[in-house]
Structure formats: C-alpha cells, structure tokens
Amino acid sequence: MKHFTYDDRLLIQRALTLGHSFSKIAEQTGKDRTSISREIRSHLRYDKKPARSRCKFRHDCIFDDPSQCPAPECNKRVCSIACAQCAQFCDRYEPEVCTKLLKPPYACNGCEDRGGNKCHLQTRMYFVEYAQQMYKQTLSDSRSGISLSGEEFQFIVENIIP
C-alpha cells in the first residue's frame, strides 16, 4: 500500500521520540526513507509558543537605545533580553529557529534539550493524530469536485475554453 496508515504514523512518532534515523524508520515501516522524510516534514505542527519572543537579531539589534525601540512599553535595557512585545511592534522581528530543525529529523520529538525548560524556542513536533487528520483532509479535498456557481461556469465556457 502506498499511503501511510495510522499504525505507520504511530511507529514514526515513537521512532522519532527514541531518536531513530530515517533509514531505521524506513526499515521498520517498509517505506522509503525519502517518503519518511516527506511525511514528517509535511505534517509537522508548532507545539507551543515560547514565553517570550526570541528574535534572531536580538544580539545585534539596531535599537541599542531603549527609547528608540518601536515597542511602546519596552523597558529592557538591551534587546538581547527577550521582549514580549518584539514580535508585535518591530518590523525587523524574525523568530529564532533552532538549527536542529534545519536538518533531519526536522522535529523536536526526541530532542534532549526539549525537556526541563532548556529550550525556549518554539517547538515543531510530529504528532500522529495531527498527521492522520491532515492526511484525511487532503484525501477528502482531492476527491471533492470544483465548486462553481453558474455564473463562474458560464464565464469559463465563454472566455477560457475558446
């Protein structure tokens, strides 16, 4: 069978939590490791927001003087301290992304820094329930027809088809 089943996804989630490689997961599921990679990357979900905004520019912020900060109630002496208003008011704000998410396994499942409040960045997780729900939604969308009004259909017939 080409599609991943709920049991396949459950095995992927467990294997990620245990820190297994894509090759080992592929061996366990009987799928190709590129399929495993694609499945994980397409069904990742941001788990939680960090308590404070962490901007990737916070250590070299152009607003050295707190009076220049665009956040109206910012009382930080320096921008390297995470500010709860950065994301909302600063045009330069870009969230800091964990470098571990840029390479396999692309998810925080099984990351040793995730527990015990070591990591303050937003976490990206692979959850079997979310992956299965997204799969069913995609399957349903791909099998449903195009919803056109009579006017839209007539426009296509008159303008696009010729």
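The values are calculated or read from the model by the stated rules, or taken from the named source; none is laboratory data. Quantities reported herein were computed from a predicted structural model and do not represent experimental measurements. All Cβ positions, glycine included, derive from the backbone under ideal geometry; neighbour counts span all protein chains shown. For the accessible areas, the whole protein counts, side chains as well, though only heavy atoms, and no ligand, DNA or RNA atoms are used. Shrake-Rupley method; radii C 1.70, N 1.55, O 1.52, S 1.80 Å.
Looking across the stretch 34-62, the residues that are under 16 Å from TYR93 (Cα atoms) and modelled with pLDDT of 70 or more come down to ARG54, CYS55, LYS56, PHE57, ARG58, HIS59, ASP60, CYS61, ILE62. Just one of the numbered conditions (1) open to solvent by 80 Å² or more (accessible area, probe 1.4 Å); (2) outside any loop (DSSP other than H, G, I, E, B); (3) among the charged types (D, E, K, R) is not true of ASP91; which one? It is condition (2) that ASP91 fails. Filtering the stretch 103-143 to residues that are closer than 18 Å to SER35 by Cα, assigned to a loop (DSSP other than H, G, I, E, B) and either open to solvent by 50 Å² or more (accessible area, probe 1.4 Å) or free of Cβ contacts under 8 Å to residues at least 60 places away in the same chain (or both) leaves LYS103, PRO104.
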